[in-house]
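Worksheet for the structure shown next.
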Amino acid sequence: MSQVTREQQLIAAAQNRILLLDGAMGTMIQAHKLEEQDYRGERFADWPSDVKGNNDLLVLTQPKIIFDIHCAYFAAGSDIIETNTFNATTISMADYHMQDLAKEINIEAAKLARKAADKYTELTPDKPRFVAGVLGPTSRTASISPDVNDPGFRNVTFDELVEAYVEATHGLIEGGVDLIMIETIFDTLNAKASAFAIQSVFEELDISLPIMISGTITDASGRTLSGQTAEAFYYSMNHVEPFSFGLNCALGPDLLRQYVDEISQVSECLVSAHPNAGLPNEFGEYDMEADEMASHIKEWAASGLLNIVGGCCGSTPEHIAAIAEAVKPYAPRKIPQRDVRMRLSGLEPFVL
């Protein structure tokens with residue numbers, strides 16, 4: 001199936017119903033209780049540093065586990081799954097001295113997700129499945145100093161971020177993704193670097209894929225880590241003309257709702273959300289059960305806030321299945337017709 005055909009199918013599906021993302025990848029990997037040697041596999045048996053916790057590496061060393069997780073989410077009702085590439089940039093992979101593997105990981109992760117999507121599309125041709133290639137925020141931030149004693153210091157530049165994101169985007173496209181998702185953004189400057197990289201690659205390859213943008217409201221302040229409100233963040237990134245714009249991570253559905261509502265009021269594209277399964281407990285685990293999470297999401301759908309929904313940290317195929325059932329009766333959010341005005345952003349939105 002051609003990329004153009006898949007994009008047409010995606011747009012048609014989004015017009016007809018609320019689409020389902022997948023849930024957490026890390027939660028599912030943790031259930032396998034993998035040890036250091038499992039992460040290493042044969043290829044990296046003699047790697048000079050520890051690699052346990054490098055979940056993206058598993059697309060090379062434990063591909064069946066990642067493929068089976070993708071399939072579990074599709075079986076639960078997901079329309080769109082995310083590639084296992086949250087940290088697959090040279091910047092984040094440098095933590096494991098594996099920066100030279102970044103592009104390969106993106107390619108193989110995309111191929112695994114593509115294989116799962118094609119399998120389930122063949123099983124249910126009336127419900128095509130799609131792959132979102134994930135570009136995570138990286139382990140560094142371009143607009144905040146990591147040194148409290150030196151506010152002007154930066155441990156990464158805009159150009160370095162762009163270079164890392166360009167390589168990752170090339171890998172995702174080569175592996176066969178349908179969309180690109182800029183995910184869990186806590187620093188808008190990182191997001192701008194990611195968007196610039198994506199559009200540069202599109203221009204180079206003479207193609208265009210839908211872009212999903214999903215930011216993170218870090219706490220009850222209602223702001224990203226770099227200080228923007230949800231509405232201001234939207235105005236900062238709207239020039240990308242995204243397929244969807246939304247929020248994920250950090251908060252559960254109970255606390256995230258007001259910020260999704262804020263985005264829903266202003267967004268001139270589709271709205272997505274994939275909250276955590278509540279807040280972590282003292283052991284770092286997530287306690288919100290599938291039925292409770294689904295009850296929150298059901299109210300969101302009934303209120304007309306959603307076009308695309310899934311789960312982030314702590315969520316499982318059971319959560320996605322419950323959410324899919326909860327939103328089934330409700331039509332997707334209608335995109336509002338807004339007056340033409342000058343809409344700018346700093347930390348706060350400014351509408352003239």
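Results, tabulated for the structure shown:
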item	result
Cα gyration tensor category, rounded, prolate or oblate, for the range 223-352 with a/c compared to 1.5	oblate
Distance from the range 111-182 to the range 19-78 (C-alpha centre basis), Å	17
For the chain: accessible area per residue (Å², 1.4 Å)	43
Total lysine pairs whose alpha carbons fall under 19 Å of each other in the range 1-151 (8 or more apart, or interchain)	11
Qualifying chymotrypsin sites (Phe, Trp or Tyr not before Pro) in the range 165-215, DSSP loop, other Cβ atoms within 10 Å at most 13	none
FRET efficiency, residue 285 to residue 147 (Cβ-Cβ, R0 35 Å, nearest 0.05)	0.65
Alpha carbon convex hull of the chain, projected area averaged over orientations, nm²	17.7
Within a Gaussian network of the chain (alpha carbon springs, distance under 10 Å), most fluctuating of 206, 38, 254	206
Residue with peak Gaussian network fluctuation, the chain [Cα springs, cutoff 10 Å], from 183, 285, 204	204
Apportionment of accessible area to carbon and sulfur, the range 202-267, percent (1.4 Å)	45
GluC sites (Glu not before Pro) lying in DSSP loop within the range 17-83, provided at most 15 other Cβ fall within 10 Å	35, 42
Net length gained if the chain between residue 75 and residue 50 were fully extended (0.36 nm per residue, minus Cα distance)	5.6 nm
Percent breakdown of C-alpha pair distances by 10 Å bin, ordered from the shortest bin, for the range 98-233	12, 36, 31, 16, 3, 1
Those chymotrypsin sites (Phe, Trp or Tyr not before Pro) in the range 237-344 that DSSP places in a loop and that have at most 11 other beta carbons within 10 Å	283
Residue 30 paired with residue 218, simple spin-label distance in nm, labels 7 Å along Cα-to-beta-carbon	2.1
Trypsin sites (Lys or Arg not before Pro), loop per DSSP, at most 12 other Cβ atoms within 10 Å - longest free stretch of the chain	44-333
Net lengthening on full extension, residue 338/residue 206 (0.36 nm per residue, minus Cα-Cα)	44.4 nm
Helix runs (DSSP H) in the chain reaching 24 Å along axis by Cα, Kyte-Doolittle at least -0.5	158-175, 188-205
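The values are calculated or read from the model by the stated rules, or taken from the named source; none is laboratory data. Keep in mind it's a predicted model, so treat the numbers as computed, not measured. Every residue, glycine among them, receives a Cβ derived from its backbone with ideal geometry; neighbour counts consider all protein chains shown. Please note that ligands, DNA and RNA were not included when accessible areas were found on the heavy atoms of the full protein model with its side chains. Shrake-Rupley method; radii C 1.70, N 1.55, O 1.52, S 1.80 Å.
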